[in-house]
1. For the residues Ser282, Ser406, what sequence is obtained by ranking on other C-beta atoms within 10 Å, fewest first?
2. Please report how far the C-alpha centroid of the range 388-416 lies from that of the range 533-547, rounded to the nearest whole angstrom.
3. Compute the length gained on full extension between Asn270 and Asp211: take 0.36 nm times their separation in residues and subtract their Cα-Cα distance, giving the result in nm to one decimal.
4. List Lys393, Lys494 from most exposed to least, where exposure is judged by having the fewest other Cβ atoms within 10 Å.
5. Using R₀ = 35 Å, calculate the FRET efficiency as 1/(1 + (r/R₀)^6) where r is the Cβ-Cβ separation of Thr440 and Lys354; round to 0.05.
6. Mind checking the full-extension length gain between Arg285 and Gln525? Use 0.36 nm per residue of separation minus the Cα-Cα distance, one decimal, nm.
7. So if R0 is 45 Å, what FRET efficiency would Asp396 and Asp476 give, r being the distance between their Cβ atoms, rounded to the nearest 0.05?
8. What nm distance separates the two modelled labels at Ser406 and Asp182, each placed 7 Å from Cα along Cα→Cβ?
Amino acid sequence: MDRNQKPRRNIEDIRSRYRGAGPVKPQHARPAQVPTPKPIKELPKPLAIEKKPMGKINLNEPSLVNRPLPAYLNDSDGDKKSSILPVKNKRKERKEKKEKKKWSKKKKIVTTFLSILLIIGVVVAVFGASLLSKLDKVLHGNIFSDASAFLNTQPLKGESSGRVNILLAGNSADDVGHDGADLTDSIMVISIDTTTHNAFMLSIPRDLWVDIPTLGHQKINAAITVSDFSAPGYPSNGMGQLEQIIQTQLGIPLDYYVLIDYAALRDAANAVGGIPVDIQSSDPRGLYDPSEDFVTKGPLVKLSNGWHTLNGEQALDLARARGDTYGSYGYELSDFERTQNQRLMLVSLAQKAKTTGVVTNPLKISALFSAFSNNVHTDMTLNNVLRLAQVTKTIDLNSIQSQSFSYVGANPLLKGYVDPGSGEDALIPTSGLDNFTALTQYYQQLTSTNPVVREGANVVILNGSDKTGIASTQGDKLTAAGYNITAVASAGSKYSGTMIVDMSNGKKSATLAGLKGYFPGSVVQPSDKSMQAKEAQNYPNADFVVILGQNWNSASSN
């Protein structure tokens with residue numbers, strides 16, 4: 001037998017080993033003892049839950065107010081996204097959001113532009129293409145420039161300096177058979193202060209004698225007839241020539257022009273239902289001009305003093321009348337009365353259009369455009385008009401000043417003149433032919449923020465010393481500072497001290513304060529018994545007479 005083989009046990013040996021021990025019982029695992037279950041107590045009843053209708057959640061309920069958001073909705077970047085998102089995904093979402101905003105902004109601009117085009121299209125559909133064509137005819141535009149003007153309004157010329165001046169001229173070119181219909185019988189400057197929101201109208205008399213480069217000396221209303229004018233910075237032809245004369249000779253800056261045929265006033269007055277005017281003539285009977293109108297062949301104007309509502313034809317007649325026909329009354333100053341009435345009606349027309357809702361009534365707007373389309377010419381665009389409306393919307397129409405260069409009174413700026421060559425009656429400055437200095441100063445007086453310039457006091461300087469030329473020197477110095485020096489002369493006597501005679505009786509306080517700074521000395525009233533006060537009475541039109549005495553020292557002035 002193999003040594004490595006284990007011997008088999010004899011089954012009998014095994015059995016004999018257990019003989020006498022009784023039968024061998026198989027050994028089994030004892031079953032696990034399961035504990036007796038305890039009796040189950042009664043389960044608690046479920047809590048009652050109040051049911052609330054969905055969609056009516058009270059966000060102010062204390063349980064919902066100031067409740068913090070879960071952490072995964074409250075990221076530090078404020079996007080309220082899951083904080084477990086990968087960084088790359090967050091960057092991608094931010095980029096997509098930024099691109100979406102850019103597109104949204106572009107989309108908004110495009111949508112606005114298309115909306116404006118749609119509005120214009122609706123206007124065309126409702127009121128006809130002729131309305132829009134009339135607007136573009138006057139303002140030199142088209143449907144695309146119109147839409148662009150609504151989107152981007154640009155500043156007006158002159159707005160940066162605080163003042164916009166518009167030249168407004170009127171003629172009768174639409175009236176066939178009217179003598180001199182092409183001439184501008186109405187010339188005025190509408191000046192708008194864009195800072196203080198004030199305005200004034202300054203009439204320029206049509207008979208003012210000026211030098212028209214291509215025509216020689218003529219009345220200023222003939223400048224419109226020049227058909228070949230061309231210069232940088234000015235409109236072409238007649239209106240450009242008129243602008244150049246007003247700017248270079250009269251010293252009044254201009255930014256835009258509007259040329260109106262008189263028929264536009266008639267049609268505009270009818271479009272707003274008539275315009276109210278208050279006639280205040282120097283004649284107790286009112287105004288009367290028996291000239292024949294080319295349309296009605298009847299009395300041109302017959303209006304009593306007081307309020308009247310003028311229809312279009314009556315407004316046109318009043319704008320033309322100047323009382324130069326035999327039997328007229330109420331036109332003491334002839335053309336000056338006419339320009340005053342023209343300014344009166346323009347303000348009244350603007351007030352009526354504003355207070356009766358004309359600008360918000362499409363039918364009335366259409367009527368106004370019809371009145372203006374063939375009778376108004378301008379170098380303004382729709383963009384300019386929209387900006388002008390913004391600038392002037394706060395101006396009180398009742399506060400608009402009505403001004404003109406004086407022809408009568410204590411210190412007239414103009415006087416009558418007869419041209420020796422043609423024998424034509426005209427007007428020239430009181431200071432002489434082509435000397436428009438006083439007219440320029442008057443415009444500066446109206447527009448200046450300097451209180452001395454605005455007072456426009458007339459100052460006379462007399463030399464009462466034995467020093468030659470000191471009055472002229474001081475006069476030039478004051479003129480440069482904005483004072484209105486009307487005369488420089490030698491006094492009738494020599495005086496020891498310098499004196500200021502206040503002929504205004506305290507009405508020109510800013511000027512008096514300035515003069516006292518230039519000329520230290522005594523100030524007296526014209527009723528003073530001094531010799532200086534008596535000599536000052538030789539200048540009744542002066543507001544101040546300054547007499548330089550022997551003690552005058554220019555170094556002592558400011």
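Every read-out reported here was derived from the displayed coordinates using simple, explicitly stated rules and does not represent laboratory data. Please read all numbers here as calculations on a predicted model, not as lab measurements. Every residue, glycine among them, receives a Cβ derived from its backbone with ideal geometry; neighbour counts consider all protein chains shown.
1. Numbers: Ser282 11, Ser406 16.
Ordered by Cβ neighbours within 10 Å, fewest first: Ser282, Ser406.
2. Here the two parts' Cα centres lie 29 Å apart.
3. Net length gain for the segment: 17.4 nm.
4. Working: Lys393 9, Lys494 12.
Listed from fewest to most nearby Cβ atoms, that is Lys393, Lys494.
5. On the way: r = 33 Å, r/R0 = 0.95.
About 0.60, to the nearest 0.05.
6. Numbers: separation 240, 0.36 × 240 = 86.40 nm, distance 4.12 nm.
Taking Arg285 through Gln525 to full extension adds about 82.3 nm, to one decimal.
7. Details: r = 40 Å, r/R0 = 0.89.
Working from the Cβ atoms, E equals 0.70.
8. Modelled inter-label distance: 3.8 nm.
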